[in-house]
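> Structure below; questions to follow.
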Amino acid sequence: MKTIIIVLLTFFGLTSNVFAYPISPRPLRQLVTESQYIIVGYVVKTFDKKKDNDDWGSKVARIAVLENLQGKINKDTIEIEFNPYMICPAPDRYFDSTFVISFIDKDKKSGKFYTHALNYGSKTLKKDEIEIYKQRISEIQQILNIKDAEKQRTETVEWLVKCAENETTRWEGTFELSPESNFMSYYSRNERQDFKSVINPEQKNRLKNALLTSQEMVDFGLVDLVYKDNETQIDDFLFTKLKNLKEDEYWIADNFMNRLKHKNTSKEMNEIMEEFDKLQFEYDKKDELKKVIEKFIKLLEK
(Lines give C-alpha, C1' and ligand atoms only; values in the text may rest on other atoms or scores of the structure.)
Protein backbone atom coordinates (compact mmCIF):
# COMPACT_ATOMS: atom_id res chain seq x y z
CA MET A 1 0.00 0.00 0.00
CA LYS A 2 2.86 2.39 0.80
CA THR A 3 4.27 1.70 -2.65
CA ILE A 4 1.01 2.75 -4.31
CA ILE A 5 0.94 6.01 -2.38
CA ILE A 6 4.56 6.82 -3.23
CA VAL A 7 4.03 6.09 -6.93
CA LEU A 8 0.87 8.21 -7.05
CA LEU A 9 2.41 11.10 -5.17
CA THR A 10 5.39 11.04 -7.52
CA PHE A 11 3.06 11.00 -10.53
CA PHE A 12 0.97 13.83 -9.18
CA GLY A 13 4.09 15.84 -8.46
CA LEU A 14 5.13 15.58 -12.09
CA THR A 15 1.71 16.40 -13.46
CA SER A 16 1.48 19.88 -14.93
CA ASN A 17 -2.27 20.09 -14.41
CA VAL A 18 -3.16 23.05 -12.24
CA PHE A 19 -4.83 20.78 -9.66
CA ALA A 20 -1.90 18.35 -9.50
CA TYR A 21 -3.41 16.23 -6.73
CA PRO A 22 -6.65 14.36 -6.00
CA ILE A 23 -9.54 16.03 -4.28
CA SER A 24 -10.86 14.61 -1.02
CA PRO A 25 -12.99 11.52 -1.74
CA ARG A 26 -16.71 12.13 -1.54
CA PRO A 27 -18.80 9.07 -0.63
CA LEU A 28 -22.58 9.22 -0.92
CA ARG A 29 -23.40 10.60 2.53
CA GLN A 30 -21.12 13.58 1.99
CA LEU A 31 -22.38 14.14 -1.55
CA VAL A 32 -25.94 14.38 -0.25
CA THR A 33 -24.86 16.70 2.56
CA GLU A 34 -22.89 19.06 0.31
CA SER A 35 -24.69 19.16 -3.06
CA GLN A 36 -27.29 21.79 -3.94
CA TYR A 37 -29.06 19.48 -6.38
CA ILE A 38 -29.30 15.78 -7.07
CA ILE A 39 -30.95 14.57 -10.25
CA VAL A 40 -31.64 11.41 -12.16
CA GLY A 41 -30.82 12.29 -15.72
CA TYR A 42 -30.38 10.98 -19.23
CA VAL A 43 -27.40 12.21 -21.23
CA VAL A 44 -28.94 13.23 -24.53
CA LYS A 45 -25.60 14.05 -26.11
CA THR A 46 -22.11 15.33 -25.40
CA PHE A 47 -20.27 17.77 -27.63
CA ASP A 48 -17.10 19.81 -27.73
CA LYS A 49 -17.22 23.18 -26.07
CA LYS A 50 -16.23 26.18 -28.14
CA LYS A 51 -12.52 26.49 -27.46
CA ASP A 52 -10.69 29.28 -25.71
CA ASN A 53 -7.26 29.45 -24.10
CA ASP A 54 -8.42 28.21 -20.71
CA ASP A 55 -10.48 25.15 -21.44
CA TRP A 56 -8.64 22.92 -23.90
CA GLY A 57 -10.49 19.63 -24.32
CA SER A 58 -13.62 20.75 -22.50
CA LYS A 59 -16.93 19.18 -23.47
CA VAL A 60 -20.56 19.83 -22.66
CA ALA A 61 -23.13 17.25 -21.57
CA ARG A 62 -26.75 17.98 -22.40
CA ILE A 63 -28.77 16.15 -19.76
CA ALA A 64 -32.52 15.59 -19.62
CA VAL A 65 -33.72 16.02 -16.04
CA LEU A 66 -35.86 12.97 -15.28
CA GLU A 67 -36.20 13.34 -11.51
CA ASN A 68 -35.19 15.84 -8.86
CA LEU A 69 -33.94 14.01 -5.77
CA GLN A 70 -32.66 17.10 -3.97
CA GLY A 71 -33.35 20.73 -4.72
CA LYS A 72 -35.53 21.69 -7.66
CA ILE A 73 -34.21 22.28 -11.16
CA ASN A 74 -37.09 23.76 -13.13
CA LYS A 75 -35.74 22.84 -16.54
CA ASP A 76 -36.32 19.90 -18.83
CA THR A 77 -32.65 19.84 -19.81
CA ILE A 78 -29.44 21.32 -18.43
CA GLU A 79 -25.91 21.55 -19.71
CA ILE A 80 -22.80 20.71 -17.70
CA GLU A 81 -19.25 21.41 -18.80
CA PHE A 82 -16.59 18.79 -18.09
CA ASN A 83 -13.09 17.95 -19.23
CA PRO A 84 -12.54 14.21 -19.75
CA TYR A 85 -8.85 14.78 -20.49
CA MET A 86 -8.01 16.13 -17.07
CA ILE A 87 -5.63 13.73 -15.36
CA CYS A 88 -5.69 14.63 -11.71
CA PRO A 89 -7.99 15.06 -9.95
CA ALA A 90 -10.15 12.60 -11.87
CA PRO A 91 -12.78 14.50 -13.86
CA ASP A 92 -16.52 14.10 -13.98
CA ARG A 93 -17.48 12.22 -17.13
CA TYR A 94 -20.68 11.95 -19.12
CA PHE A 95 -21.41 9.60 -22.01
CA ASP A 96 -24.00 9.79 -24.78
CA SER A 97 -27.27 7.93 -24.24
CA THR A 98 -26.64 6.92 -20.64
CA PHE A 99 -28.54 7.29 -17.38
CA VAL A 100 -26.86 9.17 -14.55
CA ILE A 101 -27.32 10.33 -11.03
CA SER A 102 -25.62 13.71 -10.87
CA PHE A 103 -24.76 15.75 -7.80
CA ILE A 104 -24.83 19.34 -8.95
CA ASP A 105 -24.09 22.87 -7.80
CA LYS A 106 -24.94 26.16 -9.50
CA ASP A 107 -22.51 29.03 -9.89
CA LYS A 108 -24.10 32.16 -8.45
CA LYS A 109 -22.47 34.56 -10.92
CA SER A 110 -22.80 32.70 -14.21
CA GLY A 111 -25.86 30.64 -13.39
CA LYS A 112 -24.11 27.58 -14.85
CA PHE A 113 -24.51 24.10 -13.39
CA TYR A 114 -21.43 22.03 -12.56
CA THR A 115 -20.79 18.63 -11.05
CA HIS A 116 -20.03 18.59 -7.34
CA ALA A 117 -16.76 16.83 -6.46
CA LEU A 118 -15.88 15.95 -10.07
CA ASN A 119 -15.81 12.16 -10.67
CA TYR A 120 -17.47 11.38 -7.34
CA GLY A 121 -20.50 13.44 -8.31
CA SER A 122 -21.22 11.97 -11.75
CA LYS A 123 -22.44 8.39 -11.58
CA THR A 124 -23.26 6.57 -14.82
CA LEU A 125 -25.56 3.74 -13.78
CA LYS A 126 -27.89 1.03 -15.02
CA LYS A 127 -31.59 1.44 -14.26
CA ASP A 128 -31.58 -1.10 -11.42
CA GLU A 129 -28.53 0.59 -9.90
CA ILE A 130 -30.29 3.96 -10.06
CA GLU A 131 -33.17 2.54 -8.01
CA ILE A 132 -30.72 1.35 -5.34
CA TYR A 133 -29.05 4.75 -5.20
CA LYS A 134 -32.40 6.53 -5.03
CA GLN A 135 -33.39 4.45 -2.00
CA ARG A 136 -30.10 5.08 -0.19
CA ILE A 137 -30.30 8.82 -0.99
CA SER A 138 -33.83 9.05 0.38
CA GLU A 139 -32.80 7.20 3.53
CA ILE A 140 -29.77 9.36 4.31
CA GLN A 141 -31.77 12.53 3.67
CA GLN A 142 -34.17 11.41 6.41
CA ILE A 143 -31.33 10.43 8.73
CA LEU A 144 -29.65 13.81 8.33
CA ASN A 145 -32.85 15.42 9.63
CA ILE A 146 -32.69 13.52 12.95
CA LYS A 147 -32.02 16.04 15.71
CA ASP A 148 -30.71 13.63 18.34
CA ALA A 149 -26.97 13.29 17.60
CA GLU A 150 -26.58 9.81 19.08
CA LYS A 151 -29.60 8.43 17.24
CA GLN A 152 -28.44 10.03 13.99
CA ARG A 153 -25.01 8.42 14.40
CA THR A 154 -26.51 4.98 15.09
CA GLU A 155 -28.85 5.27 12.09
CA THR A 156 -25.96 6.46 9.90
CA VAL A 157 -23.88 3.40 10.76
CA GLU A 158 -26.79 1.09 9.90
CA TRP A 159 -27.20 2.97 6.62
CA LEU A 160 -23.48 2.62 5.83
CA VAL A 161 -23.70 -1.11 6.51
CA LYS A 162 -26.65 -1.34 4.09
CA CYS A 163 -24.56 0.49 1.48
CA ALA A 164 -21.64 -1.89 2.04
CA GLU A 165 -23.86 -4.98 1.78
CA ASN A 166 -24.83 -4.14 -1.80
CA GLU A 167 -22.15 -4.29 -4.49
CA THR A 168 -23.65 -1.29 -6.29
CA THR A 169 -23.08 1.02 -3.31
CA ARG A 170 -20.33 -0.94 -1.54
CA TRP A 171 -17.62 1.69 -1.73
CA GLU A 172 -20.03 4.33 -0.42
CA GLY A 173 -20.25 2.33 2.81
CA THR A 174 -16.81 0.80 3.25
CA PHE A 175 -14.94 4.04 2.63
CA GLU A 176 -16.57 5.64 5.65
CA LEU A 177 -16.63 2.52 7.83
CA SER A 178 -12.97 1.66 7.16
CA PRO A 179 -11.28 4.63 5.47
CA GLU A 180 -7.76 3.50 6.37
CA SER A 181 -8.24 0.52 4.04
CA ASN A 182 -8.27 2.84 1.01
CA PHE A 183 -5.11 4.78 0.13
CA MET A 184 -7.27 7.68 -1.08
CA SER A 185 -8.29 8.33 2.53
CA TYR A 186 -4.93 10.12 2.83
CA TYR A 187 -6.69 13.06 1.22
CA SER A 188 -9.62 13.05 3.65
CA ARG A 189 -7.79 12.40 6.91
CA ASN A 190 -9.07 15.63 8.45
CA GLU A 191 -12.69 14.83 7.61
CA ARG A 192 -13.07 11.26 8.84
CA GLN A 193 -15.57 10.19 11.45
CA ASP A 194 -15.20 7.08 13.57
CA PHE A 195 -18.15 4.98 12.48
CA LYS A 196 -16.36 1.63 12.79
CA SER A 197 -16.48 1.59 16.59
CA VAL A 198 -20.29 1.72 16.53
CA ILE A 199 -20.74 -1.44 14.41
CA ASN A 200 -22.51 -4.14 16.40
CA PRO A 201 -22.00 -7.94 16.12
CA GLU A 202 -25.10 -8.43 13.95
CA GLN A 203 -23.94 -5.77 11.49
CA LYS A 204 -20.42 -7.22 11.44
CA ASN A 205 -21.83 -10.64 10.57
CA ARG A 206 -23.84 -9.13 7.71
CA LEU A 207 -20.69 -7.47 6.40
CA LYS A 208 -18.81 -10.76 6.58
CA ASN A 209 -21.54 -12.51 4.59
CA ALA A 210 -21.44 -9.71 2.02
CA LEU A 211 -17.69 -10.20 1.63
CA LEU A 212 -17.80 -13.98 1.35
CA THR A 213 -20.62 -14.00 -1.21
CA SER A 214 -19.31 -11.16 -3.37
CA GLN A 215 -18.84 -11.86 -7.07
CA GLU A 216 -16.89 -8.69 -7.72
CA MET A 217 -13.32 -7.69 -6.96
CA VAL A 218 -12.53 -8.00 -3.25
CA ASP A 219 -13.28 -4.86 -1.24
CA PHE A 220 -10.48 -4.68 1.30
CA GLY A 221 -12.45 -2.28 3.43
CA LEU A 222 -14.84 -5.17 4.08
CA VAL A 223 -11.90 -7.49 4.75
CA ASP A 224 -10.48 -5.20 7.40
CA LEU A 225 -13.87 -4.58 8.98
CA VAL A 226 -14.61 -8.26 9.61
CA TYR A 227 -11.14 -9.79 10.01
CA LYS A 228 -10.97 -9.78 13.82
CA ASP A 229 -12.56 -12.95 15.25
CA ASN A 230 -12.81 -14.43 11.72
CA GLU A 231 -9.10 -14.67 10.96
CA THR A 232 -8.90 -18.24 9.64
CA GLN A 233 -12.01 -17.94 7.49
CA ILE A 234 -10.92 -14.63 5.96
CA ASP A 235 -7.33 -15.82 5.41
CA ASP A 236 -8.66 -18.84 3.50
CA PHE A 237 -10.97 -16.57 1.48
CA LEU A 238 -8.13 -14.21 0.56
CA PHE A 239 -5.79 -17.06 -0.33
CA THR A 240 -8.35 -18.56 -2.70
CA LYS A 241 -8.91 -15.17 -4.33
CA LEU A 242 -5.16 -14.62 -4.70
CA LYS A 243 -4.72 -17.97 -6.43
CA ASN A 244 -7.44 -17.02 -8.92
CA LEU A 245 -6.28 -13.48 -9.73
CA LYS A 246 -6.49 -12.55 -13.38
CA GLU A 247 -3.50 -11.19 -15.22
CA ASP A 248 -4.84 -7.64 -15.30
CA GLU A 249 -5.27 -7.79 -11.49
CA TYR A 250 -1.70 -8.75 -10.61
CA TRP A 251 -0.83 -5.20 -9.61
CA ILE A 252 -3.25 -5.37 -6.64
CA ALA A 253 -1.84 -8.68 -5.41
CA ASP A 254 0.00 -6.86 -2.63
CA ASN A 255 -3.37 -6.21 -0.96
CA PHE A 256 -3.70 -9.98 -0.54
CA MET A 257 -0.04 -10.70 0.11
CA ASN A 258 0.40 -8.09 2.83
CA ARG A 259 -2.62 -9.51 4.66
CA LEU A 260 -1.39 -13.11 4.31
CA LYS A 261 2.37 -12.84 4.81
CA HIS A 262 1.93 -13.28 8.58
CA LYS A 263 1.37 -16.99 7.85
CA ASN A 264 5.05 -17.39 6.98
CA THR A 265 7.59 -15.04 8.56
CA SER A 266 10.69 -16.53 6.95
CA LYS A 267 13.51 -14.68 5.25
CA GLU A 268 12.27 -16.09 1.95
CA MET A 269 8.93 -14.38 2.49
CA ASN A 270 10.66 -11.02 2.95
CA GLU A 271 12.62 -11.55 -0.25
CA ILE A 272 9.45 -12.38 -2.19
CA MET A 273 7.71 -9.25 -0.90
CA GLU A 274 10.68 -7.09 -1.88
CA GLU A 275 10.75 -8.67 -5.33
CA PHE A 276 7.05 -8.01 -5.81
CA ASP A 277 7.46 -4.43 -4.68
CA LYS A 278 10.04 -3.80 -7.40
CA LEU A 279 7.91 -5.33 -10.16
CA GLN A 280 4.42 -4.21 -9.13
CA PHE A 281 4.08 -1.35 -11.61
CA GLU A 282 6.27 -2.79 -14.36
CA TYR A 283 3.39 -3.50 -16.73
CA ASP A 284 5.64 -5.04 -19.37
CA LYS A 285 6.85 -7.70 -16.90
CA LYS A 286 3.64 -9.57 -16.15
CA ASP A 287 5.27 -12.96 -16.57
CA GLU A 288 7.85 -12.10 -13.93
CA LEU A 289 5.17 -10.73 -11.66
CA LYS A 290 3.16 -13.92 -12.06
CA LYS A 291 6.19 -15.99 -11.03
CA VAL A 292 6.64 -13.93 -7.87
CA ILE A 293 2.99 -14.40 -6.94
CA GLU A 294 3.29 -18.12 -7.58
CA LYS A 295 6.35 -18.29 -5.32
CA PHE A 296 4.36 -16.56 -2.59
CA ILE A 297 1.52 -19.07 -3.00
CA LYS A 298 3.87 -22.06 -2.89
CA LEU A 299 5.53 -20.72 0.24
CA LEU A 300 2.18 -20.53 2.03
CA GLU A 301 1.24 -24.01 0.87
CA LYS A 302 4.32 -25.63 2.40
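The values are calculated or read from the model by the stated rules, or taken from the named source; none is laboratory data. All values reported here derive from a predicted model rather than from experimental measurement. We place every Cβ from the backbone using ideal geometry, glycine too, and count neighbours over all the protein chains shown. The area values use the complete protein model at the heavy-atom level, side chains included, leaving out ligands, DNA and RNA. Shrake-Rupley method; radii C 1.70, N 1.55, O 1.52, S 1.80 Å.
> Mind checking the angle between helix 231-243 and the chain's longest principal axis? C-alpha axes, 0 to 90 degrees, to the nearest 10.
Taking the Cα atoms of the chain, the angle to 231-243 is about 80 degrees.
> Dipole magnitude of the chain about its Cα centre, charges +1 at Lys/Arg Cβ and -1 at Asp/Glu Cβ only, in debye to the nearest 20? Intermediate results must be reported in sequence, preceding the final value.
Working: 48 positive and 51 negative charges, 96 e Å.
Charge dipole, the chain, about its Cα centre: 460 debye, nearest 20.
> Report, to one decimal in Å, the Kirkwood hydrodynamic radius for the chain based on all distinct Cα pairs.
About 21.5 Å for the chain.
> Classify region 89-159 as rounded, prolate or oblate from the Cα gyration tensor: take a ≥ b ≥ c as the square roots of its eigenvalues, call it rounded if a/c is under 1.5, otherwise prolate when a/b beats b/c and oblate if not. Don't skip to the answer; put the middle values down first.
Numbers: a/c = 2.61, a/b = 1.52, b/c = 1.72.
The shape class here is oblate.
> Counting only the heavy atoms of the protein chains, how much of TYR227 is accessible to a 1.4 Å probe, in Å² to the nearest 10?
Per-residue accessible area (TYR227): approximately 60 Å².
> Further, regarding this structure: Rolling a 1.4 angstrom probe over the protein heavy atoms, how many square angstrom per residue are accessible across the chain?
Using a 1.4 Å probe on heavy atoms only, each residue of the chain averages 55 Å².
> Moving on. In whole Hz, with x marking every Gly and Pro, tabulate ³J(HN,Hα) for region 200-217 from phi via Karplus 6.51 cos²θ - 1.76 cosθ + 1.60, θ = phi - 60°.
9, x, 5, 5, 4, 5, 5, 5, 4, 4, 5, 5, 6, 9, 5, 9, 9, 4
> How many angstrom lie between the C-alpha centres of region 129-145 and region 235-286?
Between the Cα centre of region 129-145 and that of region 235-286, the gap is 38 Å.
> Another one. Quick check for you: which residues of region 121-138 have the amide N under 15 Å from the point 7 Å beyond the Cα of ALA64 toward its beta carbon?
Only 127 pass the distance filter.
> Sort HIS262, HIS116 from largest to smallest accessible area, using a 1.4 Å probe on the heavy atoms of the protein chains.
Values: HIS262 100, HIS116 30 Å².
So the residues, ranked largest to smallest area, are HIS262, HIS116.
> While we're on this one: Let me make sure I get this right: for region 217-281, a, b and c are the square roots of the gyration tensor eigenvalues over alpha carbons, sorted descending. Under 1.5 in a/c it's rounded, otherwise prolate if a/b > b/c, else oblate. Which is it?
Values: a/c = 2.08, a/b = 1.26, b/c = 1.66.
Judged from the Cα gyration tensor, region 217-281 comes out oblate (a/c at least 1.5, b/c at or above a/b).
> Say R0 is 35 Å: what FRET efficiency, to the nearest 0.05, do ASN230 and CYS88 get from their beta-carbon distance? Please list the in-between numbers first.
Details: r = 37 Å, r/R0 = 1.05.
Rounded to the nearest 0.05, the efficiency is 0.45.
> Could you check the simple spin-label distance between MET184 and GLU81, using points 7 Å along Cα→Cβ, in nm with one decimal?
My value for the distance between the label points is 2.5 nm.
> In whole percent, and with a 1.4 Å probe on the protein chains, what portion of the accessible area of the chain is carbon and sulfur? Let's see the in-between values first.
Working: 8170 of 16700 Å².
Carbon and sulfur: 49 percent of the exposed surface of the chain.
> Could you state how much accessible area LYS290 has, in square angstrom rounded to the nearest 10, with a 1.4 Å probe and all protein chains kept in place?
Its heavy atoms expose roughly 90 Å² to the probe.
> Relative contact order for region 160-202 using alpha-carbon pairs under 8 Å, separation at least 6, rounded to a whole percent?
Details: 31 pairs, mean separation 11.8, N = 43.
Result for region 160-202 is 27 percent.
> Would you mind calculating the relative contact order of region 58-139 from Cα pairs under 8 angstrom and at least 6 residues apart, reporting the percent as a whole number? All intermediate terms of the calculation are to be shown ahead of the outcome.
Numbers: 114 pairs, mean separation 20.9, N = 82.
Over region 58-139, the number comes to 25 percent.
> For region 171-183, take each phi angle, set θ = phi - 60°, evaluate the Karplus expression 6.51 cos²θ - 1.76 cosθ + 1.60, and give the result in whole Hz per residue in order, putting x for glycine and proline.
With coefficients 6.51, -1.76 and 1.60, one gets 4, 4, x, 5, 4, 7, 6, 9, x, 5, 6, 10, 4 Hz.
> Using a Förster distance of 35 Å, how high is the FRET efficiency between ILE23 and LYS267, based on the Cβ-Cβ distance and rounded to 0.05?
The calculated FRET efficiency here is 0.25.
> By accessible area of protein heavy atoms, probe 1.4 Å, what ranking do LYS59, LYS302 get, highest first?
Details: LYS59 40, LYS302 175 Å².
Greatest to least solvent exposure: LYS302, LYS59.
> For a quick check: with amide H placed at 1.01 Å from N, whose amide H comes under 5 Å from HIS116's, ignoring anything fewer than 5 positions away on the same chain?
Excluding prolines and chain starts, which carry no amide H, the hits are PHE103, ILE104, ASP105.
> Give the residue from ALA149, VAL226, ILE199 lying farthest towards the positive end of the charge dipole for region 134-243; charges sit on Cβ (+1 for Lys and Arg, -1 for Asp and Glu) and the dipole is referred to the Cα centre.
ALA149
> Given an 8 Å cut-off on Cα distances and at least 6 residues of separation, report the relative contact order of the chain as a percent. List each step's numbers first, then the result.
On the way: 428 pairs, mean separation 39.5, N = 302.
Normalised by residue count, the contact order of the chain is 13 percent.
> Could you tell me which of rounded, prolate or oblate describes region 182-302, using a ≥ b ≥ c as the square roots of the eigenvalues of the alpha-carbon gyration tensor, with rounded for a/c under 1.5 and, failing that, prolate when a/b is larger than b/c and oblate otherwise? Working shown, then result.
Numbers: a/c = 1.95, a/b = 1.55, b/c = 1.26.
Verdict is prolate for region 182-302.
> Separate question: I need the peptides 125-133, 162-170 ranked by packing, meaning the mean over residues of other C-beta atoms within 10 angstrom, with the highest value on top. Walk me through the numbers before you get to the answer.
Numbers: 125-133: 14.4, 162-170: 20.1.
The packing order, highest mean first, is 162-170, 125-133.
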